[in-house]
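Just below is one structure, and these are the notes that go with it.
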Amino acid sequence: MPQVRSRKEGASGTKASRSEEGWGANMNAEHGLLARRVFSSFEGKRVVVTGHTGFKGAWLSLWLSELGADVYGVSLPATAADGIYSHVKREVFCGDAALDITDLPAVLEAVQDVQPDLVFHLAAQALVRQSYADPWRTLQTNIMGSASVLEAVRLLPKTCHTIFVTSDKCYHNREWLYSYRENDALGGNDPYSVSKAAAELVAQAWRRSYFDSSPYASRVLSVRAGNVIGGGDYAADRLIPDCLRAALTGQPLEMRNPMATRPWQHVLDCLYGYLVTAALVPELGPSQELESFNFGPAESHMHSVHSVAQSFYEHWPQATPGVLVQAADSTLSEAHQLSVSIEKAQRLLGWQPVWPLDTAIEQTAQWYASHHLQRADMISVSREQIAQFTQAAEAM
């Protein structure tokens, strides 16, 4: 079984006092106070990030490292040679374990070896169309892999909170002009959505059966976000990576569902919600209302696939062939309308989206242009974007 390869020791952070009131109720002054409180809370914490070789996991790991955390990765090996992980892996991680999260003994050993204060669980099969091609593996990874991580945390002889990352697609989407709330029904019409809904039920089962009565008061907190964009994503069948590949090859972008709308946001806005949850919710009194949170853009920032692609090309520094609309594959069901309500995160946590969509697209295009056209040092570029986001959050 793989061992976590440690390069340095880290001290555990001290636990802050708990409050019975939501932070949102106490943050009537400026949002910047909350941001500074959050950003200062990870110094010296031992943090495990599952899925650290993926797009969101690598960005989160870099940010946590910048905030002074000792970050340990647990994941399958990276699949994208140019992905954000390839640029940060040598400078961010105190240790890593290359393993399959469905391998329970290996996950148990890795987590026991680190003895973390906090786990961010992001490891997953994250693509809707891939779930059609390999439904069994999607269910195995997203359901049983999640159970492995929760079981490993349950058996830790210490307090360790888990930020359990799923997706807005965990909701039973009826294609309504309605933003789904955290207490809406879970479900789905495709293997990916079903796997995310089932993973949420697994988290609830472990939460209610074990963690609510844990002597260590560990918490399992579900966070759900929509479509995120940002530099360093090269996954297949994702809009911005498809835009990039078309731009670099001089081919028109082929688009299946141009009028489908999604809750688009920059990856740092999404991860900011995860950081806020990790920093603030464990301080609050236990409540079922605090078990899950949606993070996404304001409802007014819902945009179609076509408009996001066009905006990316407007920010790309070279001429592009444009967009070619092709017929959608009628055998594969994908949602046309999907949005989530962020009211609860705003009300209880004081969290707010920071970057509007145009800024998110501009920053994304700049990252890719810096890498592919300017051959820049991409860990420096990534750190600079985190610094810009942090400054914007603290200035709100």
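Quick notes on this one:
- Residues within region 40-67 that are within 13 Å of Leu268 (Cα to Cα) and of a type in the set (A, V, I, L, M, F, W, C), tallied: 7
- Selection count, region 290-304, where residues are in a helix (DSSP H, G or I) and at pLDDT below 90: 3
- Test result for Pro321, surrounded by fewer than 20 Cβ atoms within 10 Å (Cβ to Cβ), within 15 Å of Gly250 (Cα to Cα) and at pLDDT below 85: yes
- Each residue in region 103-113 was checked for being surrounded by 21 or more Cβ atoms within 10 Å (Cβ to Cβ) and in contact with a Ser or Thr (Cβ under 8 Å, 6 or more places away or on another chain), and 1 pass.
- Looking only at residues of region 179-216 that are in a strand (DSSP E or B) and open to solvent by 10 Å² or more (accessible area, probe 1.4 Å), we find that the one that is farthest from Lys344 (Cα to Cα) is Leu186.
- For region 324-339, filtered to residues that are over 26 Å from the mean Cα position of the chain (by Cα) and loosely packed, with under 14 Cβ neighbours inside 10 Å, the residue that is modelled with the lowest pLDDT is Ser330.
- For region 373-396, a tally of residues being touching a helix residue (DSSP H, G or I) at 6+ places or on another chain (Cβ under 7 Å) and either in a loop (DSSP other than H, G, I, E, B) or open to solvent by 40 Å² or more (accessible area, probe 1.4 Å) (or both) returns 5.
- Residue-level check: of (1) within 15 Å of the chain's Cα centre (by Cα); (2) not in a helix (DSSP H, G or I), Gln251 misses just (1).
- Of the helices (runs of 4 or more DSSP H) contained entirely in region 72-142, those carrying at least 1 residues that are touching a strand residue (DSSP E or B) at 6+ places or on another chain (Cβ under 7 Å) fall at 84-92, 104-114.
- The criterion of being of a type outside the set (Asp, Glu), open to solvent by 10 Å² or more (accessible area, probe 1.4 Å) and in contact (Cβ under 8 Å) with a residue 60 or more places away in the chain does not hold for His172.
- Qualifying residues in region 32-68 (those that are part of a helix (DSSP H, G or I) and open to solvent by 10 Å² or more (accessible area, probe 1.4 Å)) - the one nearest to Gly95 (Cα to Cα): Ser65
Conditions (1) surrounded by 23 or more Cβ atoms within 10 Å (Cβ to Cβ); (2) charged (D, E, K, R), marked per residue:
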site: Asp117; (1), (2): yes, yes
site: Phe120; (1), (2): yes, no
site: Leu127; (1), (2): no, no
site: Trp136; (1), (2): no, no
site: Glu151; (1), (2): no, yes
site: Asp168; (1), (2): yes, yes
site: Leu177; (1), (2): no, no
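- Qualifying residues in region 220-244 (those that are part of a loop (DSSP other than H, G, I, E, B) and of a type in the set (Gly, Ala, Ser)) - the one most open to solvent (accessible area, probe 1.4 Å): Ala236
The values are calculated or read from the model by the stated rules, or taken from the named source; none is laboratory data. The model shown is predicted, which means the values in this text are computed figures rather than measured ones. Cβ: placed from backbone, ideal geometry, glycine included. Neighbour counts: every protein chain shown. To get the accessible areas, we keep the full protein, side chains included, count just its heavy atoms, and leave off ligands, DNA and RNA. Shrake-Rupley method; radii C 1.70, N 1.55, O 1.52, S 1.80 Å.
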